[in-house]
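Here's the structure we're looking at; comments come further down.
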Amino acid sequence: MADDPSDPQTAQRALTAAHLYYVQERTMEAIARELRTSRSTVSRLLAHARATGIVDIRVRSPFDAPRRLEDDIAERFGVTAHVVPVTDDATEVESLDRVAAAAAHLLHDLVQTDMTVGVAWGSTTAAVSRRLVPKPVRGTAFVQLNGSGNTHTTGLLYASEILRRFAAAFGGSAQQFPVPAFFDDPRTRSAMWRERSTRRILALQETMDIVVFSTGAAASTVPSHVYTGGYLEARDLEALARERVVGDVATVFYRADGSSTGIALNDRATGPAFEVLRRVPRRVCIVSGVSKLASLRGALAAGLVTDLVVDDATARALQSSGDAE
């Protein structure tokens, strides 16, 4: 009878098979004899071990280029960089998937018991949520960073699905933020922020141990959801252009120098203020695509990033833009 992936006995057999194969370097035929099963079952057990995080396979490049890039970015910007090799012929979607997979493995290491993890919704975090490696931890809460509703949709399904995947992968709870992405009037936001249900989410955000986000950019080849999902009207985009905005984090906008004050749309936004984000110990920014370079540089200038997961082409462009200064 085939092994049931949800059966604890299957997990134990997968652990045994993985230890024999990866640590003791036994052949699959020898493992099959020891476990009194078939070679194909051993292969399925090893696949189960990889899929559930029992085995974490990492590839270390023998070449120095990615490490030099990481070291250079760390020195210039004061962040820990994780540069993901992507072939030159890869599409933007393929690049995003590979960067998302690398970010998922980093989060597997970072997320621990009794943490509060903030998650911004968007195309990039959605990709990461689909590549998460299961790691059950106790008492960890995943909190939505910003509202997702607009005049066309509540946005709850989109944002909650991302949160649900994070919570399911780590065995934690999902804490939604059921407010619009932008209020029509700053006074409405001020009133809503006094409500006890809203204050509960804001209080959770004040205790975050990790925050996971990407940078939004209107010109991104893989479009940022906030710019394509009906959240911004033409007059909003015109105002952002006048204010020289280069990107956003959780629908809070900033300029190339990292400044965010004086941008009118921020008075109506529901994402956390940058001073809240800067207090979070680990701030994981995930970026794929050179078209996001300006927004990435702005986020770095704003001091929003401690850990950067980025494709190698964008990392090289970031390095070159620093050289040009």
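Miscellaneous remarks
- Matching entry among Ser288, Ser321 (being crowded, with 21+ Cβ neighbours inside 10 Å and hydroxyl-bearing (Ser, Thr, Tyr)): Ser288
- Selection count, the range 254-271, where residues are in a loop (DSSP other than H, G, I, E, B) and either buried (at least 24 other Cβ atoms within 10 Å of the Cβ) or in contact with a strand residue (DSSP E or B) (Cβ under 6 Å, 6 or more places away or on another chain) (or both): 6
- Residue in the range 70-85 that is farther than 15 Å from Thr306 by Cα and free of Cβ contacts under 8 Å to residues at least 40 places away in the same chain present: no
- Residue among Ala127, Ala203, Ala169 that is in a helix (DSSP H, G or I) and either among the charged types (D, E, K, R) or in contact with a Pro (Cβ under 7 Å, 6 or more places away or on another chain) (or both): Ala169
- Residue identified as modelled with pLDDT under 95 and either of a type in the set (A, V, I, L, M, F, W, C) or touching a Pro at 6+ places or on another chain (Cβ under 6 Å) (or both) among Ala100, Ala65, Ala120, Ala81: Ala65
- The number of residues in the range 105-150 that are of a type in the set (S, T, N, Q) and more than 15 Å from Ala169 (Cα to Cα) comes to 6.
- Number of residues in the range 299-315 that are over 18 Å from the mean Cα position of the chain (by Cα) and at pLDDT 95 or above equals 2.
- Residue within the range 221-234 that is on the phi < 0 side of the Ramachandran plot, under 21 Å from the mean Cα position of the chain (by Cα) and of a type in the set (Gly, Ala, Ser) present: yes
- Conditions (1) surrounded by 15 or more Cβ atoms within 10 Å (Cβ to Cβ); (2) within 22 Å of the chain's Cα centre (by Cα); (3) in a helix (DSSP H, G or I); (4) not basic (Lys, Arg); number of the one not met by Leu45: (2)
- For the range 272-287, taking the residues that are in a strand (DSSP E or B) and of a type in the set (A, V, I, L, M), the one that is farthest from Glu206 (Cα to Cα) is identified as Val287.
- Flag if Arg189 is farther than 18 Å from Val252 by Cβ and either of a type in the set (Lys, Arg) or assigned by TED's automatic domain parsing to the domain that holds Gly147 (or both): no
- Taken over the range 131-147, residues that are within 28 Å of Ala11 (Cβ to Cβ), surrounded by 14 or more Cβ atoms within 10 Å (Cβ to Cβ) and either in contact (Cβ under 8 Å) with a residue 40 or more places away in the chain or out of contact with any strand residue (DSSP E or B) (no Cβ under 6 Å at 6 or more places or on another chain) (or both) amount to 7.
- Of residues in the range 72-85 being assigned to a strand (DSSP E or B) and of a type in the set (Val, Ile, Thr), the one nearest to Val212 (Cα to Cα): Thr80
- From the options Asp97, Asp88, residue that is within 16 Å of the chain's Cα centre (by Cα) and either of a type in the set (Asp, Glu) or assigned to a loop (DSSP other than H, G, I, E, B) (or both): Asp97
- Filter pass, Ala159 being part of a helix (DSSP H, G or I) and either touching an Asp or Glu at 6+ places or on another chain (Cβ under 9 Å) or not assigned by TED's automatic domain parsing to the domain that holds Arg282 (or both): no
- Residue within the range 116-134 that is of a type in the set (A, V, I, L, M, F, W, C), touching a helix residue (DSSP H, G or I) at 6+ places or on another chain (Cβ under 7 Å) and closer than 17 Å to Val310 by Cβ present: yes
- The lone exception for Ser173 - which of (1) surrounded by 19 or more Cβ atoms within 10 Å (Cβ to Cβ); (2) modelled with pLDDT of 95 or more; (3) touching a Ser or Thr at 6+ places or on another chain (Cβ under 9 Å) it fails: (1)
The values are calculated or read from the model by the stated rules, or taken from the named source; none is laboratory data. Predicted model, so just to flag it, every value in this text is computed and none were measured. Because the Cβ atoms are built from the backbone with ideal geometry, glycine has one as well, and the counts that use them run over all protein chains shown.
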